[in-house]
2 protein chains.
Amino acid sequence: MKIGPVIGIVAALLTTISFIPQVVKTVKYRDTRGISLLMYMIFTIGVFLWMVYGIIIKQWPVILANAVTTMMAGIILFYKIKEPKQ
Amino acid sequence: MKIGPVIGIVAALLTTISFIPQVVKTVKYRDTRGISLLMYMIFTIGVFLWMVYGIIIKQWPVILANAVTTMMAGIILFYKIKEPKQ
(Lines give C-alpha, C1' and ligand atoms only; values in the text may rest on other atoms or scores of the structure.)
Protein backbone atom coordinates (compact mmCIF):
# COMPACT_ATOMS: atom_id res chain seq x y z
CA MET A 1 0.00 0.00 0.00
CA LYS A 2 1.28 3.44 -0.88
CA ILE A 3 2.16 5.91 1.86
CA GLY A 4 -0.24 8.64 0.60
CA PRO A 5 -3.57 6.85 1.21
CA VAL A 6 -2.29 5.51 4.58
CA ILE A 7 -1.51 9.04 5.80
CA GLY A 8 -4.88 10.24 4.48
CA ILE A 9 -6.73 7.48 6.35
CA VAL A 10 -4.81 8.09 9.60
CA ALA A 11 -5.44 11.85 9.26
CA ALA A 12 -9.18 11.28 8.69
CA LEU A 13 -9.41 8.89 11.66
CA LEU A 14 -7.57 11.29 13.98
CA THR A 15 -9.56 14.41 13.08
CA THR A 16 -12.79 12.40 13.46
CA ILE A 17 -12.05 10.66 16.79
CA SER A 18 -10.50 13.83 18.28
CA PHE A 19 -14.00 15.13 19.05
CA ILE A 20 -14.82 12.14 21.29
CA PRO A 21 -12.87 13.42 24.36
CA GLN A 22 -14.41 16.89 23.90
CA VAL A 23 -17.94 15.43 23.79
CA VAL A 24 -17.23 13.32 26.90
CA LYS A 25 -15.78 16.32 28.77
CA THR A 26 -18.60 18.65 27.78
CA VAL A 27 -21.40 16.17 28.61
CA LYS A 28 -19.72 15.33 31.96
CA TYR A 29 -18.75 18.81 33.23
CA ARG A 30 -21.08 21.08 31.20
CA ASP A 31 -18.35 23.76 31.27
CA THR A 32 -18.74 25.39 27.86
CA ARG A 33 -17.70 28.95 28.85
CA GLY A 34 -14.32 28.66 27.12
CA ILE A 35 -15.85 27.09 24.01
CA SER A 36 -16.67 29.41 21.10
CA LEU A 37 -20.34 29.30 20.03
CA LEU A 38 -19.41 30.78 16.65
CA MET A 39 -16.75 28.12 16.09
CA TYR A 40 -19.19 25.25 16.64
CA MET A 41 -21.94 26.91 14.58
CA ILE A 42 -19.61 27.35 11.58
CA PHE A 43 -17.83 24.03 12.11
CA THR A 44 -21.04 21.98 12.37
CA ILE A 45 -22.38 23.49 9.13
CA GLY A 46 -18.95 22.91 7.53
CA VAL A 47 -18.70 19.19 8.37
CA PHE A 48 -22.36 18.74 7.42
CA LEU A 49 -21.49 20.19 3.98
CA TRP A 50 -18.47 17.83 3.83
CA MET A 51 -20.94 14.98 4.35
CA VAL A 52 -23.18 16.35 1.56
CA TYR A 53 -20.06 16.60 -0.63
CA GLY A 54 -19.35 12.92 0.16
CA ILE A 55 -22.89 12.01 -0.93
CA ILE A 56 -22.43 13.95 -4.21
CA ILE A 57 -19.08 12.33 -5.03
CA LYS A 58 -20.40 8.97 -3.68
CA GLN A 59 -17.47 8.38 -1.31
CA TRP A 60 -18.54 6.37 1.73
CA PRO A 61 -15.47 7.19 3.85
CA VAL A 62 -16.14 10.94 3.39
CA ILE A 63 -19.85 10.47 4.20
CA LEU A 64 -19.19 8.29 7.27
CA ALA A 65 -16.36 10.36 8.81
CA ASN A 66 -18.27 13.61 8.41
CA ALA A 67 -21.61 12.16 9.60
CA VAL A 68 -19.87 11.09 12.83
CA THR A 69 -18.13 14.47 13.21
CA THR A 70 -21.36 16.39 12.46
CA MET A 71 -23.10 14.43 15.24
CA MET A 72 -20.32 15.08 17.77
CA ALA A 73 -19.92 18.77 16.88
CA GLY A 74 -23.73 19.04 17.10
CA ILE A 75 -23.71 17.63 20.65
CA ILE A 76 -21.06 20.17 21.75
CA LEU A 77 -23.03 22.96 20.03
CA PHE A 78 -26.21 21.83 21.82
CA TYR A 79 -24.55 22.05 25.25
CA LYS A 80 -22.99 25.41 24.35
CA ILE A 81 -26.41 26.83 23.35
CA LYS A 82 -28.06 25.68 26.57
CA GLU A 83 -25.12 26.95 28.69
CA PRO A 84 -26.45 28.40 31.97
CA LYS A 85 -26.20 32.20 32.20
CA GLN A 86 -23.43 33.35 34.54
CA MET B 1 -19.41 25.09 -12.36
CA LYS B 2 -20.79 21.87 -10.95
CA ILE B 3 -22.44 21.82 -7.53
CA GLY B 4 -20.07 19.17 -6.09
CA PRO B 5 -16.83 21.20 -6.13
CA VAL B 6 -18.68 24.33 -4.92
CA ILE B 7 -20.01 22.48 -1.87
CA GLY B 8 -16.54 21.01 -1.27
CA ILE B 9 -14.93 24.46 -1.39
CA VAL B 10 -17.56 26.02 0.91
CA ALA B 11 -17.19 23.08 3.34
CA ALA B 12 -13.38 23.44 3.37
CA LEU B 13 -13.61 27.21 3.92
CA LEU B 14 -16.13 26.85 6.77
CA THR B 15 -14.25 24.12 8.66
CA THR B 16 -11.03 26.13 8.28
CA ILE B 17 -12.32 29.59 9.31
CA SER B 18 -14.42 28.12 12.16
CA PHE B 19 -11.30 27.98 14.35
CA ILE B 20 -10.74 31.76 14.10
CA PRO B 21 -13.43 32.70 16.70
CA GLN B 22 -12.13 29.96 19.05
CA VAL B 23 -8.55 31.28 18.76
CA VAL B 24 -9.72 34.87 19.39
CA LYS B 25 -11.80 33.80 22.41
CA THR B 26 -9.04 31.63 23.89
CA VAL B 27 -6.30 34.27 23.43
CA LYS B 28 -8.57 36.99 24.88
CA TYR B 29 -10.11 35.20 27.90
CA ARG B 30 -7.60 32.37 28.49
CA ASP B 31 -10.49 30.21 29.74
CA THR B 32 -9.51 26.76 28.51
CA ARG B 33 -11.02 24.70 31.36
CA GLY B 34 -13.92 23.46 29.21
CA ILE B 35 -11.62 22.65 26.29
CA SER B 36 -10.38 19.07 25.98
CA LEU B 37 -6.57 18.74 25.94
CA LEU B 38 -6.86 15.31 24.34
CA MET B 39 -9.10 16.66 21.57
CA TYR B 40 -6.60 19.36 20.58
CA MET B 41 -3.62 16.98 20.83
CA ILE B 42 -5.27 14.45 18.49
CA PHE B 43 -6.84 17.10 16.24
CA THR B 44 -3.60 19.06 15.75
CA ILE B 45 -1.71 15.88 14.77
CA GLY B 46 -4.64 14.95 12.49
CA VAL B 47 -4.75 18.22 10.53
CA PHE B 48 -0.94 18.23 10.35
CA LEU B 49 -1.17 14.78 8.70
CA TRP B 50 -3.87 16.15 6.35
CA MET B 51 -1.32 18.81 5.35
CA VAL B 52 1.35 16.11 4.79
CA TYR B 53 -1.23 14.21 2.72
CA GLY B 54 -1.78 17.37 0.65
CA ILE B 55 1.99 17.60 0.04
CA ILE B 56 2.10 13.94 -1.07
CA ILE B 57 -0.85 14.30 -3.48
CA LYS B 58 0.44 17.79 -4.50
CA GLN B 59 -2.87 19.56 -3.85
CA TRP B 60 -2.33 23.17 -2.81
CA PRO B 61 -5.87 23.74 -1.45
CA VAL B 62 -5.43 20.73 0.90
CA ILE B 63 -1.97 21.94 1.98
CA LEU B 64 -3.10 25.54 2.55
CA ALA B 65 -6.36 24.82 4.40
CA ASN B 66 -4.69 22.32 6.72
CA ALA B 67 -1.60 24.46 7.32
CA VAL B 68 -3.89 27.28 8.51
CA THR B 69 -5.96 24.91 10.67
CA THR B 70 -2.82 23.26 12.13
CA MET B 71 -1.57 26.70 13.16
CA MET B 72 -4.88 27.69 14.79
CA ALA B 73 -5.38 24.35 16.54
CA GLY B 74 -1.75 24.64 17.71
CA ILE B 75 -2.43 28.05 19.27
CA ILE B 76 -5.47 26.69 21.18
CA LEU B 77 -3.42 23.64 22.27
CA PHE B 78 -0.61 25.95 23.47
CA TYR B 79 -3.00 27.95 25.68
CA LYS B 80 -4.60 24.74 26.96
CA ILE B 81 -1.19 23.31 27.95
CA LYS B 82 -0.19 26.49 29.84
CA GLU B 83 -3.60 26.72 31.53
CA PRO B 84 -3.15 27.97 35.11
CA LYS B 85 -3.79 25.33 37.81
CA GLN B 86 -7.07 25.86 39.67
> Can you pull out the residues in segment A:2-24 that are over 18 Å from B:ILE55 (Cα atoms), among the hydrophobic types (A, V, I, L, M, F, W, C) and more than 7 Å from every other protein chain (Cβ to nearest Cβ)?
Replying inline: A:LEU13, A:ILE20, A:VAL23, A:VAL24
> Taking the stated definitions as given, is B:TYR40 assigned to a helix (DSSP H, G or I), more than 7 Å from every other protein chain (Cβ to nearest Cβ), surrounded by 15 or more Cβ atoms within 10 Å (Cβ to Cβ) and at negative phi?
Replying inline: yes
> Within segment B:55-64, restricting attention to residues that are closer than 15 Å to A:ILE3 by Cβ and more than 9 Å from chain A (Cβ to nearest Cβ), which residue is least open to solvent (accessible area, probe 1.4 Å)?
Replying inline: B:ILE55
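Results for (1) in contact (Cβ under 8 Å) with a residue 12 or more places away in the chain; (2) of a type in the set (A, V, I, L, M, F, W, C), shown as yes or no for each residue.
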| position | (1), (2) |
| --- | --- |
| A:PRO21 | no, no |
| A:ARG30 | yes, no |
| A:ILE45 | no, yes |
| A:GLY74 | yes, no |
| A:LYS85 | no, no |
> Do we have A:ILE42 as at pLDDT 95 or above and over 13 Å from the mean Cα position of the chain (by Cα) here?
Replying inline: no
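With respect to A:ILE20, is the statement that it is open to solvent by less than 60 Å² (accessible area, probe 1.4 Å), modelled with pLDDT of 95 or more and of a type in the set (A, V, I, L, M) true?
When the stated conditions are applied, A:ILE20 does not pass them.
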> When you look at B:ILE9, is it open to solvent by 20 Å² or more (accessible area, probe 1.4 Å), in a helix (DSSP H, G or I) and at pLDDT below 95, yes or no?
Replying inline: yes
>> Test of understanding: among A:VAL27, A:VAL52, which residue is modelled with pLDDT of 95 or more, surrounded by fewer than 15 Cβ atoms within 10 Å (Cβ to Cβ) and in a helix (DSSP H, G or I)?
In response: A:VAL27
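The values are calculated or read from the model by the stated rules, or taken from the named source; none is laboratory data. Please read all numbers here as calculations on a predicted model, not as lab measurements. Here Cβ is always computed from backbone atoms with ideal geometry, including for glycine, and neighbour counts include all displayed protein chains. For the accessible areas, the whole protein counts, side chains as well, though only heavy atoms, and no ligand, DNA or RNA atoms are used. Shrake-Rupley method; radii C 1.70, N 1.55, O 1.52, S 1.80 Å.
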